[in-house]
Amino acid sequence: MELLPSKKVTSGKMRRGKTKRARKSGFSWSAIKKALSSAMKKHHLHMTCASSLKQLSGISDRGMVTPLRQLQSEEPKKHVSHGGKSLESLMRVAYTAGDFIDRGNHMTPTRSPREHISAKWREIHGQFNWENLLDPLHPWLRREIVKYGEFSQATYDAFDYDSFSDFCGSCRYNRQKLFDELHLTKHGYKVTKYIYAMTNIDVPSWFERPNTGETWSKDSNWMGYVAVSSDNESQRIGRRDIVVAWRGTVAPSEWFLDMKASLEQIGEGGVKVESGFHSIYASKSESTRYNKLSASEQVMEEVKRLLEFFKGRGEEVSLTVTGHSLGGALALLNAYEAASFLPDLDHISVISFGAPRVGNIAFRDKINELGVKILRVVVKQDIVPKLPGIICNKILRQIHALTRRLKWVYRHVGSELKLDMSLSPYLKREFDLLGFHNLEIYLHLTDGYVGKRLKFRWNARRDLALVNKSSDMLIEELRIPECWYQVPNKGLVFNSHGRWVKPCRDQQDIPSPFGEAPKLDFTA
């Protein structure tokens, strides 16, 4: 569908046909062209955006199909309107460069309203394996997925991997400030513990962290955190929710361990998982400051503490583990361990983004037997969910009857929500492996996803500018800078003596391995 008549249409017969139809509708073709031109000028609508309007769905936030004529009729008829249809309103459903200029009084809300989901929380978290909730995607589930995705994104946004920083590999903020600094207090959770993991065991020297002299730790990296819902949020969602968010691959040593595709046995019955993922999750050393306990032990200790506290108050307690890429793999290992050793948890679910395969068929069968509910969000164009074993598994799928019980074959687990880059009218049509795997792309596509055969949600509310936070995937017409999320002046500040210097971290933001367990106060 073209919004303006093509210049190539010159045959008299076709022109007469269009004119006849236009007269029958009560207005002339020239009037349509004039109205569209005026609306486009008024709203700064670029032709690329205009042509991409055909990709926007007329599905409301309630999941009901709303005819475009109804959407149009609901708009104020400030411009030319014919037959009850506002042409200008059709122009206003897409974002343009003008929408990213802060005029202070008409900016589109960045999030949808949050309903009270206490009566349906188990179903939303996979009680029936998300049957009839994924296609079309239920709006309550969409908002929950985006929420946990933003918890995962926080592990990237707060991670300090500045090679010139004395705290390279740590979190930039202490746990009391994390959600405030990243604008995540809206979700109603509080961070209770940070997780550290060893990631340079048996790693070649050229993979190690840049040598910047004395650093806070030469062996460990900040790997994520544990958080728990406040009293008010717990009432809304119907239970006390413990969240564990795992960071994806950033450090070179983590990339190296990701590439170790051998399987390692972790339990009885031939249960095996990828050795690199398990090394990050389970490694520890007495010679380190932050990993005398492994990441696994740190998390399990904190989840057990929270579980005992809230169960002692008679509450229902769920564990939701989330992560992107490597973080999604660690989330699966975490959920498997929690289900094995913490039977008092009322529900355990995993919501992962762009996660690779983690274990073999025995691992898949065992985690299903333990009752862990897993929702894997993947992007069709992303290669990471096809790893490890992208070639081997594709061949073996052809002879599935012979290979389905082989203990060395990698298998995905859980339900899948598959997204497609081509559905969004705001993304470039370029081949970009890193862009396809970017977590902000996943959250953008989730926010606009309606169903497999349905178009991008026209009233998606999540801020589009976030897509280019660490990528260059937004169409040029939106004029959002690429990779705009960075520390001002690359961390330097202008001091009182007129010099640009590296500032000292606030004492409270310096990582400490000896932090006391926080007092459990969740009244906010």
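The values are calculated or read from the model by the stated rules, or taken from the named source; none is laboratory data. Predicted model only: the values in this text are computed from it and were never measured. Reconstructed Cβ throughout: ideal geometry from the backbone, glycine too, with neighbour counts over all protein chains shown. Quick note on the areas: whole protein, heavy atoms, side chains included, nothing else; ligands and nucleic acids left out. Shrake-Rupley method; radii C 1.70, N 1.55, O 1.52, S 1.80 Å.
Within the set of pairs 6+ apart or on separate chains, which have a first residue in the range 485-496 that is in contact (Cβ under 8 Å) with a residue 60 or more places away in the chain and outside any loop (DSSP other than H, G, I, E, B), a second that is open to solvent by 100 Å² or more (accessible area, probe 1.4 Å) and of a type outside the set (Ser, Thr, Tyr), and C-beta atoms under 6 Å apart?
none
Would you say PHE309 is open to solvent by less than 60 Å² (accessible area, probe 1.4 Å) and either assigned to a helix (DSSP H, G or I) or within 30 Å of LEU387 (Cβ to Cβ) (or both)?
Against the criterion (open to solvent by less than 60 Å² (accessible area, probe 1.4 Å) and either assigned to a helix (DSSP H, G or I) or within 30 Å of LEU387 (Cβ to Cβ) (or both)), PHE309 does not qualify.
Return yes or no: is SER471 in contact (Cβ under 8 Å) with a residue 24 or more places away in the chain and either within 24 Å of CYS171 (Cα to Cα) or small (Gly, Ala, Ser) (or both)? Outline the logic, then answer.
Working: in contact (Cβ under 8 Å) with a residue 24 or more places away in the chain: yes; either within 24 Å of CYS171 (Cα to Cα) or small (Gly, Ala, Ser) (or both): yes.
Yes, satisfied.
Counting only residues that are open to solvent by less than 10 Å² (accessible area, probe 1.4 Å) and modelled with pLDDT of 90 or more, which one in the range 271-280 is farthest from TYR336 (Cα to Cα)?
Among those residues, the one meeting the criterion is ILE280.
Could you list, in sequence order, all residues of the range 128-146 that are over 14 Å from GLY238 (Cα atoms) and open to solvent by 60 Å² or more (accessible area, probe 1.4 Å)?
PHE128, ASN129, GLU131, ASN132, ASP135, PRO136, HIS138
Here are the criteria: (1) open to solvent by less than 10 Å² (accessible area, probe 1.4 Å); (2) closer than 20 Å to ILE237 by Cβ; (3) in a strand (DSSP E or B); (4) among the aliphatic types (A, V, I, L, M). Tell me which single one ILE348 does not satisfy.
All conditions pass for ILE348, except number (1).
Restricting to the range 378-432, count the residues that are modelled with pLDDT of 90 or more and surrounded by 20 or more Cβ atoms within 10 Å (Cβ to Cβ).
15
What do you reckon, is LYS292 out of contact with any Phe, Trp or Tyr (no Cβ under 7 Å at 6 or more places or on another chain) and either within 25 Å of GLN235 (Cα to Cα) or assigned to a loop (DSSP other than H, G, I, E, B) (or both)?
Answer is yes for this residue.
Which ones in the range 463-478 are surrounded by fewer than 20 Cβ atoms within 10 Å (Cβ to Cβ) and out of contact with any Phe, Trp or Tyr (no Cβ under 7 Å at 6 or more places or on another chain)?
ASP463, ASP472, GLU476, GLU477
Testing ILE361 on (1) of a type in the set (A, V, I, L, M, F, W, C); (2) over 16 Å from SER415 (Cα atoms); (3) surrounded by fewer than 24 Cβ atoms within 10 Å (Cβ to Cβ), one condition comes back false. Which one is that?
The number of the failed condition is (2).
For the range 448-460, state whether one or more residues are in a loop (DSSP other than H, G, I, E, B), open to solvent by less than 10 Å² (accessible area, probe 1.4 Å), more than 30 Å from TYR336 (Cα to Cα) and touching a helix residue (DSSP H, G or I) at 6+ places or on another chain (Cβ under 6 Å).
No, the range 448-460 contains no residue that is in a loop (DSSP other than H, G, I, E, B), open to solvent by less than 10 Å² (accessible area, probe 1.4 Å), more than 30 Å from TYR336 (Cα to Cα) and touching a helix residue (DSSP H, G or I) at 6+ places or on another chain (Cβ under 6 Å).
Each row is one residue, and each column tells you yes or no for (1) of a type in the set (A, V, I, L, M); (2) in a loop (DSSP other than H, G, I, E, B).
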| site | (1), (2) |
| --- | --- |
| HIS116 | no, yes |
| PHE128 | no, yes |
| GLU131 | no, yes |
| LEU141 | yes, no |
| ILE145 | yes, no |
| GLN153 | no, no |
| TYR156 | no, no |
| PHE164 | no, yes |
| PHE167 | no, yes |
